Structure formats: C-alpha cells, structure tokens
1. Using modelled backbone amide H atoms (1.01 Å from N, in-plane), which distant-in-sequence or interchain residues come within less than 5 Å of residue 62's amide H?
2. So for each of 276-284, 175-183, 63-71 I average, over its residues, the number of other beta carbons within 10 Å; can you give me the resulting order with the highest mean first?
3. Could you tell me the calculated FRET efficiency between residue 243 and residue 87, based on Cβ-Cβ distance and R0 = 51 angstrom, to the nearest 0.05?
4. Considering amide H positions built from the backbone, and no H for Pro or chain starts, which residues 5 or more places from residue 95, or on another chain, come under 5 Å of its amide H?
5. Give the order of 38, 216, 72, 26 when sorted by the count of other beta carbons within 10 angstrom, beginning with the fewest.
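Computed from the coordinates by the stated procedures, all read-outs in this text should not be read as laboratory data. Note that this is a predicted model, so its numbers are computed, not measured. A quick note on method: Cβ atoms are made from the backbone with ideal geometry, for glycine too, and the neighbour counts reach across all protein chains shown.
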Amino acid sequence: MNNWLVQHVSALLFTLRRLRATPASSLFNILIIGIAISLPAGMYVLLQNVQGLAEQATGAPQISVFLSLDASREDAARIGGQLKQHEAIGRVEFVSREQALEQIKRSTGLADIIGELTQNPLPDAYIIYPKKLDPQTLETLRDELQKWPKLEHVQLDSAWVRKLEALLKFGRLAVLILAMLLSFALVAVTFNTIRLQILTRHDEIEVSKLIGATDSFIRRPFLYSGLLQGLLGGATAWLIIVISLRLLNSSLAGLMQLYASSFTLHAFSAKDTLTLLGFSAYLGWLGAWLSVAQRLWQIEPG
C-alpha cells in the first residue's frame, strides 16, 4: 500500500514539474478548457437564475379548494386535517367564508351592495401550497382532490407553470447538447496534447520498457497530466463564471431598482461546483487515457 501511494505521489510531482516547465503551453490548454466548459456551465447557471426569477415574479403555483355550501365547520376541519397530512402538500391556508366576503368588500368597493345580502353566498376554502411544482404533479393532485367529498370545486392555474417548464426544458436540452459537443472537443484537445507528450518522450518510454517498467507505471504521469489540466480548466471556468456574474450584477442592480426588486444572479452552489470540477477533471483524464491507450502499445523497445 505504501509503495502504491509513493508511486502515485511521485507521478503527481513529476507531472507538476513538467507543467511548470512548459508554462505557456500548459496555460494555453487550461485556458481553452476553461473557456469551453464555461459556456454550457454559464448557460446552466443562467437557467437556474431565470427559474428563480420567474417563480419570484409570479409566485408559487397554488391550488384553491372550495368546499360545498352545505359543508359544516366539522367537515372543514376534517378536510383541513387530511390536507395537512397529504404527502404532496407542503402548507395549507384556510379561508373562511366570512374572511372571503370581507376581502371582497375591501377590494371591490361594493360594501353597500354586499351588506344587503341576506346570507353569505361564498363557501369556505383552502389554499394549498404543493411541495413539488412540476405541472404533472400539480394536475395529479388536483384530479385527486376533485374526488373528495364535500369539495365543490378545485382550481389550479398551471398555464404559466407549463410555459415556464417548456422553456426551461428547451434550455436544458440546449445546454446538454452544447455540453456534449464541447466535451468531445475537450477530450480531443487533451488527447492531442498527451499524444504530443508521448511523441516527445518516445525514446524515454522505450528505455523505460527495456529496464522493465510496466505500462501502468509509464501511463500514470500522462493520466495525471490530463486530469490536472481538466481540473484546472474546470477551476478556470468557475472563475470566469463568477467574475462574469459579478459584472452582470453590478449592471443589474440599477435595473432592479427601477422595479423595486432585490434580485441578483447567483453563482454555483457547493454541489454544482464539485460537479463542475469533477466532470472537467474526468474529461481530461479520459482524453489522456484514450491517447495513451492508442499510442503506448505501438512503442516497443528496439
């Protein structure tokens, strides 16, 4: 175990020395990787912010449940208890018929006309805030509630949710396609970089094989080289996005003041950051592995 660890540490240190020995080419490769990764990653961040802005502007979708006029307070309490225990519902707000009538008086200016009514024509109601906001879940919950006894009408305004979901779905697909294309490009960049390194060290590899070096021993520094370049490229992409968002936020602040909003663009979460770094490191490692797998078997000691 100690020998295995020493070999990997030695290979890593050797790779770092080679990267430092060729700073211009290494920096150029890392910058290419960073810029390429920042394109789909930046689009992903913007999509996340657009979704948050849309939900903030329109509010979370609600389901309004209106009880039958003949429903008693006991019926209302029973239905409220069932709603609060439902696994798909996050929060429930009760609006009594008296509250609803009072709200209409204040908002419509028809207090005189409403005051002449002999009885309250409005039913008790519940406003439901579901846990999940995707259109399919909301409509399934609405259809279920419509079958409950003592419920006269269940209203769901999910049109804007469907439009937003369709727009975000299109954006996610565009990000996925761009990410796939650029991933192939980055693997090709790393592949070509490692291939050139193998060609420049052709004689050294032959000598190493003559003295008994295994393929895994020879392969290890190249894999670390690809992995480090991918990792540093991912860190560069993260830095590009963070700086870009700060610049955009400085311009966005004035615009949001006009709309009395405090909305700002948010960068990656900790989970997204780790995913970005891990994925970029993997792409670098994959390109290096493919390159070494293609070239190493062709080199035989003369």
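1. So residue 62 has HN proximity to 157.
2. Ranking the peptides 276-284, 175-183, 63-71 by packing returns 276-284, 63-71, 175-183.
3. 0.75
4. 125, 126, 127
5. Ordered from fewest to most neighbouring Cβ atoms within 10 Å, 38, 216, 72, 26 come out as 216, 72, 26, 38.
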